[in-house]
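Heads up, the thing below is written out as structure tokens.
The values are calculated or read from the model by the stated rules, or taken from the named source; none is laboratory data. Given the structure is predicted, the values throughout are model-derived calculations rather than measurements. Neighbour counts are summed over all protein chains in view; Cβ atoms, including those assigned to glycine, are modelled from backbone coordinates with ideal geometry. The area values use the complete protein model at the heavy-atom level, side chains included, leaving out ligands, DNA and RNA. Shrake-Rupley method; radii C 1.70, N 1.55, O 1.52, S 1.80 Å.
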Amino acid sequence: MDTIIISDDLSGAAGMASLIGTGVPVVAFKNIDLIKKIKSSVVSLDIETRNTGNAEQRLNYVKELYPETLMLTRIDTLLRGSTLDFIEFMAKIGKLLITDTIPDFGRYTYAGLSIQNETKLPIRDIVPVKLHDSIIIADSRTYSDIGKLAKRCLNENLLPVDPGIMIKLYLEMK
């Protein structure tokens with residue numbers, strides 16, 4: 001296995017797996033040892049932290065078990081739950097490019113905001129100031145925009161962090 005995509009709950013992990021393609025295994029944290037036996041290049045892992053508050057500990061444990069594996073994290077579209085922990089974890093691995101766009105939902109990212117209808121969520125506000133130099137919050141509205149951002153991640157050695165679409169495109173281009 002080359003890549004583990006981490007989500008904070010089962011719906012995120014299952015959604016990520018289905019977005020990547022058929023046959024991508026979804027593994028619950030309690031069964032994390034199964035990953036060693038799986039013969040898939042990508043695994044979608046539910047670390048079951050949406051409402052537990054121990055995301056940092058579990059993320060570090062996954063990295064400890066699989067230190068050579070590319071770790072990517074799918075953030076919650078509403079920036080809830082373990083989103084901050086996921087961003088902090090990924091910032092330890094490399095520089096991040098974050099966008100929170102899902103064109104099918106009318107959700108887009110502009111000027112550091114995740115926008116859908118009348119709701120505007122400031123992405124940078126959930127990130128500690130000490131990490132501001134480690135992240136780029138990128139504007140995007142369309143699948144084409146997200147594709148360009150995935151390519152930028154590859155070209156500039158950035159790690160994609162989003163609700164899933166950019167991760168999918170990044171892995172396809174890799």
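Exactly one residue out of R124, R152 is in contact with a His (Cβ under 8 Å, 6 or more places away or on another chain) and open to solvent by 20 Å² or more (accessible area, probe 1.4 Å), and it is R124.
Only one entry of T99, T73 meets the criterion of being closer than 28 Å to S144 by Cα and touching a Phe, Trp or Tyr at 6+ places or on another chain (Cβ under 6 Å), and that entry is T73.
Which residues, taken from the range 33-57, are of a type in the set (D, E, K, R) and either open to solvent by less than 30 Å² (accessible area, probe 1.4 Å) or at pLDDT 95 or above (or both)?
D46 - this is the single residue of the range 33-57 that is of a type in the set (D, E, K, R) and either open to solvent by less than 30 Å² (accessible area, probe 1.4 Å) or at pLDDT 95 or above (or both).
Is it fair to say L159 is open to solvent by 50 Å² or more (accessible area, probe 1.4 Å) and at pLDDT 95 or above? In short, no.
Of the numbered criteria (1) over 11 Å from K95 (Cα atoms); (2) in a helix (DSSP H, G or I); (3) of a type outside the set (K, R), the one H132 fails is (1).
For I6, the conditions (1) at pLDDT below 95; (2) among the aliphatic types (A, V, I, L, M); (3) within 13 Å of the chain's Cα centre (by Cα) are fulfilled apart from (1).
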